[in-house]
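Student: There's a structure below that I have some questions on.
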Amino acid sequence: MELLLENIHEYIGNEVTTTEWVFIDQMQVDIFGKVTRWYNQGHNDPSWAAENSPHGGTLLHGFFTISLITHFLKLGGFYFPDGRNPLNYGMDKVRILRPVLIGEGIKLRDRISLLDVKNKDAGCRLIKTGHQIETDDNAEGPAAYIEYLNLWYPK
């Protein structure tokens, strides 16, 4: 299957890819906390979180999970050879469905579905994808669900 802007409509309603696992560790969570200015004990202090958190350890930021969407799209091959300059257009739905413990590190992957495509001016496509972010910790169900909008320009 070669996804093209030209034929993308054919895939609406289908899961189009599942990405490889991406490893996230405490160091990455700490950097994310510093960069976003949301550096707090529940995410960034393993000793404190082990003793005081109801979850027993530090948690992955929900917004860290969401921020991986564009990486997951590229990792999953959801880029179009007949397109260029994709722009983040927004999100229609975002749900953080459960806490994700970091521990010694956690792996995430994304099941990406094509939800909708709207034709825009000059051959552009507004593409809505559904993202079920899963973890490798045997927890039930996805950790997050996001409906993401991306505007693609033709070459």
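The values are calculated or read from the model by the stated rules, or taken from the named source; none is laboratory data. Just so you know, these numbers come straight off a predicted model, no measurement behind them. Cβ: placed from backbone, ideal geometry, glycine included. Neighbour counts: every protein chain shown.
Student: Considering only region 133-155, how many residues are within 19 Å of D116 (Cα to Cα), surrounded by fewer than 21 Cβ atoms within 10 Å (Cβ to Cβ) and out of contact with any helix residue (DSSP H, G or I) (no Cβ under 6 Å at 6 or more places or on another chain)?
Tutor: 6
Student: Being among the acidic types (D, E), modelled with pLDDT of 95 or more and crowded, with 17+ Cβ neighbours inside 10 Å: is that true of D110 here?
Tutor: Here the answer is yes, as D110 does meet what is asked.
Student: Separate question: Take the residues in region 3-22 that are part of a strand (DSSP E or B) and in contact with a Lys or Arg (Cβ under 9 Å, 6 or more places away or on another chain), then tell me which one is nearest to K128 (Cα to Cα). First the steps, then the outcome.
Tutor: Filtering region 3-22 down to residues part of a strand (DSSP E or B) leaves 15-18, 22.
Adding the requirement that they be in contact with a Lys or Arg (Cβ under 9 Å, 6 or more places away or on another chain) leaves 15, 17-18, 22.
Working: E15: 12, T17: 14, T18: 16, V22: 22 Å.
Top of the filtered list is E15.
Student: Hey, any hits in region 51-67 for a residue that's over 30 Å from N7 (Cα atoms), among the hydroxyl-bearing types (S, T, Y) and either in contact with a helix residue (DSSP H, G or I) (Cβ under 6 Å, 6 or more places away or on another chain) or not in a loop (DSSP other than H, G, I, E, B) (or both)?
Tutor: yes
Student: Quick check on region 8-27: of everything there that is of a type in the set (D, E) and surrounded by 12 or more Cβ atoms within 10 Å (Cβ to Cβ), which residue is farthest from I69 (Cα to Cα)?
Tutor: E10
Student: Right, here's the next one. Going through R98, R109 one at a time, which residue ends up being more than 30 Å from K155 (Cβ to Cβ) and either under 19 Å from the mean Cα position of the chain (by Cα) or not hydroxyl-bearing (S, T, Y) (or both)?
Tutor: R98
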